[in-house]
Amino acid sequence: MTAQAPILIIIIPLIASFLNVIIGLWRKRLCYPLVIITLGLSVILSISILNTVIIQGVIHYRLGGWEPPWGIEYVIDHLNAFILIIVSFISFTIAIYSKRNVEQEFPEKTVYFYTIYLLLVTGLLGITITGDVFNLYVFLEITSLAVYALIAIGRDKAPLASFNYLIMGTIGACFYLLGVGYLYIATGSLNMADLGRLLPDLYHSKAVLVAFAFFVVGVAIKMALFPLHVWLPDAYTYAPSTVSAFAASTMTKVGVYVMIRIMFTVFEPRFSIVMLPSTEILGWVASGAMIFGGILAIAQTDVKRMLSYILIAEVGYIVIGVSVANRMGFTGALLHILFDAFTMACLFMAAGAVMHKTGETSIHGFRRLHRRMPLTMAAFSIAALSAIGVPPFAGFFSKWYLVLGAIDAGKWIFAVLLLLSSLLIAIAFFRVIENIYFAPSDHAHNGVGQEEIVRDETPLSMLVPILTMAAGILILGFFSGKIVSAVIQFTVPGGF
Amino acid sequence: MEAISSIKPLLAVIVSLIAAFLILITGERARNLREFWTILASVVKFAIVASMVSPILEGNVLEYTVISILPGLSLQFRVDALGILFALTASFLWIITSFYSIGYMRSLNEHAQTRYFACFAIALSATMGVAFSANLFTTFIFYEIITLSTYPLVAHKETSEAIKGARRYLAYLLGTSIAFLLLAIFLTYNAAGTLDFSNQGILAGKGSNALLTVIFILFMAGIAKAAMMPLHSWLPAAMVAPTPVSALLHAVAVVKVGVFTVIRVALYIFGIDLLSRLGLGTALAYFASFTIIAASIIALRQDNLKLRLAYSTISQLSYIILGVALLTPSSMVGGIIHITNHAFSKITLFFCAGSIYCAAHKTNISQLSGIGKKMPWTMTAFFIASLSMIGVPPAGGFISKWYLALGSIEAKEIPILAVIIVSSILNAAYFLPITYKAFFEKQDDAHHEEIKEIPMVAIPLMITAIISMLIGIYPDYFLTLTKEVIRLR
């Protein structure tokens, strides 16, 4: 089974998603257990894959036994094994969380929701695992279509937000596909490793240069890199809680992964860094993301929207780590992918829990919630502190690497901007935290005095995933040294 | 000097974290059990800290590496004489403050006591962490935990005033630490390649004079917990907190962590030679002198007792910095021993303010006429602690000021000597009138409500007052430890 793990991890959720329709039409209750079991299996498989990679090195899996570059090949090294674990673990945890949310928000759509959710996970895992640029496009489209549908299920202006996202996302996908097309014309190959061998001779070809630009812009839209982020806040604000939690914590990260693959596997670091100063440009764009994400986050009155802008800033952090093009910065970027996935999942899930209990997510609605849902709010605060980058929470450790990376590269301005952005995010979050714990209650001044707030904690199926993430944020940071030496140090592209 | 591997420093840090957890679990339902955890943890913590004293006095250090974060950068503890002196003071005072807290919180029937005691325990944990940290990385982690864990304590009352105070508290402490301190740490790491504290300093010869000066300024601006002007205004704002918090945290733990970090940076990151070569020691000394005088003058004008004490704290903290900044052996002894002296006398003064508030609900000095007759124990303790603050022999404060004065002469900085003398006069000017008012002025308002001292509140403050006097009479114990700090240099 270990030998077939790379294909099983894709096939199992794919088959399960179709199975889900059939089973769901017969017994709606069975959808949830099916999803949990399926995603539980992908967690186990992804762990086994990482284990294999650590012990045996890179896995090459040929679909149907066809030789590359003609057949599709799955190539798994430390980098995508690492991302696979994040995606599968987060998707599993959020699936557990989804139960009450689905029951409350759209009980009649349970079957379709879970079907699409599994497709979304399949797509993300596929993007991560494949070693073929066109195959990657196929999975990218599966992911995108699935997420448009999931967002459209949400409240208020969700269909409009989803439509906006669809337009932007399609443009991004088109750019990506054009890039694939140009490279295919230039080289006749779609296999990443093969492209990596063929392209160096063609680096001066205008077609190849344009292809690279298409790739980067296309992926930048997908991962909501400032200033191509405009679709994100609406989409994640109005999406169902489960969807925004999952999309926020994994989709942008997988986008960054694709960017890394394109820049450093398909193209060589010397092309992406020296011949075309793309990292330089990305660095400045990412600085913009950090600062404007932070400022716009402060301006929001809705917590989910605020979190969306903070997510945009966090994407900036990760991209900055990649853009400084050295070992320390890259390590920081990958650590931040992991920690931020946990942080964002925790924050959006906690916001979703508030939505579940109070029906709104405005900052005002968070007033004194620590009395009503103390554990959820504790988890929210922990994740918020991690997003700010305060020790001892995980976010601090990845930011430490990121700043050191910027300094190593001699980019002092980035180091300063990283710290400045932390301050902006701190202001944004403490507005909420202050409301949660210390805001005078509404009734205090009209004579009623301290009103009795009954403890009304989030249901257990939502609370456990939230607390799991919070525990991860508390503990993982201290093990960042271990994570780096076990996995991340092998992912750093050569020449860094 | 020998490094002994020992898990004790970690235990000393962790014990109150565990207590915080137990306190949260126990909650309001079993108040006595909850308070028992606080007391138990404080006693155990003190015992652990005290057990580390004798190996330190023999000239050893205790080391423990918790986990490695980056190559050459670990979460690591190293207990030396300076650290143990601070830890000993803070953990001993926590025991007394715990009893005082219980008396204070219960007599005022305060809300959210579980949160209060839990945050208190976490703050003490982090204080030990700073005292024992072996490198700046570890220091920074615990420095930030202190800010975060004391923030709820400042906002405790949950009135709009408390929230504003807490906001300022956070903005100053978290803001400066991220913007300046963290940046300074990165610059240091980049220049020196390490963050480990070393007796010789790690930055000598590792950068241009301009760079090193910039790093030093960033450090001083980043460590706002030391409350040097102009970054002091968070401390008066923090006075909205319940009095035990002001007493232990904003007169001992939090602010002393700031001063302690300043000392660590000055002596163990820069080193005496480098500081004197760059002239930064003298510059810092004059900066501190300004704070000493300016804060004392502002203190004169405060009518709110806690605010007057807060400005007095700002002024007294700069004595410690001054002592270290003069870079002579005597001045350093004076500065470092002032950590302990100021801790005992200032905590007494705050305890007294709290005692008056609990028993008579008075907060302003102008209301204190004649209160000495009703609260004799409190006001006597207040008087004793004032003497120590002013530096009258045989109170403990005299020892610090004596060494500081000696140091300023050794350093040939006569203006500094003048500062010490003038500030002593100012100290007398803002402390003695309070005692005078309490004992010799007649109460002017007609109605005489019943004012009774609360034993649980009054006993702790008498203990600290007596100890602050004893340090002056028997200074040897602390002087030995302090001289151990200097000897190793």
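The values are calculated or read from the model by the stated rules, or taken from the named source; none is laboratory data. Everything numeric in this text was worked out from a predicted model, so none of it was measured. Here Cβ is always computed from backbone atoms with ideal geometry, including for glycine, and neighbour counts include all displayed protein chains.
Here are some notes:
- Any hit, region B:400-422, residues being of a type in the set (D, E, K, R) and under 30 Å from B:Met105 (Cβ atoms): no
- Test result for A:Val454, closer than 30 Å to B:Ala241 by Cα, at pLDDT below 90, more than 13 Å from chain B (Cβ to nearest Cβ) and outside any helix (DSSP H, G or I): yes
- Residues (closer than 27 Å to B:Thr114 by Cβ and either facing chain B (nearest Cβ under 9 Å) or basic (Lys, Arg) (or both)) located in region A:382-395: A:Leu385, A:Ile388, A:Val390, A:Pro391, A:Pro392
- Set side by side, the residues A:Ile90, A:Ile23 differ, and just one is touching a Ser or Thr at 6+ places or on another chain (Cβ under 9 Å) and not in a strand (DSSP E or B), which is A:Ile90.
- Within region B:193-212, one or more residues are without any contact (Cβ under 8 Å) to a residue 24 or more places away in the chain, more than 13 Å from every other protein chain (Cβ to nearest Cβ) and either among the hydrophobic types (A, V, I, L, M, F, W, C) or crowded, with 22+ Cβ neighbours inside 10 Å (or both).
- Here B:Ser160 fulfils each of the conditions (1) touching a Gly at 6+ places or on another chain (Cβ under 8 Å); (2) surrounded by fewer than 24 Cβ atoms within 10 Å (Cβ to Cβ); (3) among the small types (Gly, Ala, Ser) apart from (1).
- When the test is whether a residue is more than 14 Å from chain A (Cβ to nearest Cβ) and outside any helix (DSSP H, G or I), B:Lys157 does not pass it.
- Helices (runs of 4 or more DSSP H) (entirely within region A:224-292) containing at least 1 residues that are over 16 Å from A:Phe330 (Cβ atoms) and over 16 Å from the mean Cα position of the chain (by Cα): A:231-238
- Residues being of a type outside the set (Gly, Ala, Ser), part of a helix (DSSP H, G or I) and in contact with a helix residue (DSSP H, G or I) (Cβ under 6 Å, 6 or more places away or on another chain) - total across region B:219-253: 14
- The one condition from (1) closer than 16 Å to A:Ser398 by Cβ; (2) modelled with pLDDT of 90 or more; (3) aliphatic (A, V, I, L, M) that A:Leu467 does not meet is (1).
- Subset of region A:231-274 [surrounded by 23 or more Cβ atoms within 10 Å (Cβ to Cβ) and free of Cβ contacts under 8 Å to residues at least 24 places away in the same chain]: none
- Filtered by the rule that a residue be in a helix (DSSP H, G or I), farther than 14 Å from B:Phe186 by Cβ and of a type in the set (Val, Ile, Thr), region A:374-418 gives A:Thr376, A:Ile382, A:Ile388.
- Residues in region A:8-39 that are over 17 Å from A:Gly126 (Cα atoms) and touching a residue at least 24 places away in the same chain (Cβ under 8 Å): A:Asn20, A:Val21, A:Gly24, A:Leu25, A:Lys28, A:Cys31, A:Tyr32, A:Leu34, A:Val35, A:Ile36.
- Residues of region B:160-188 that turn out to be among the aromatic types (Phe, Trp, Tyr) and at the interface with chain A (Cβ under 8 Å from one of its Cβ atoms), as a count: 1
- The listed residue being aliphatic (A, V, I, L, M), more than 9 Å from chain A (Cβ to nearest Cβ) and touching a residue at least 12 places away in the same chain (Cβ under 8 Å), out of B:Ile146, B:Ile141, B:Ile217: B:Ile146
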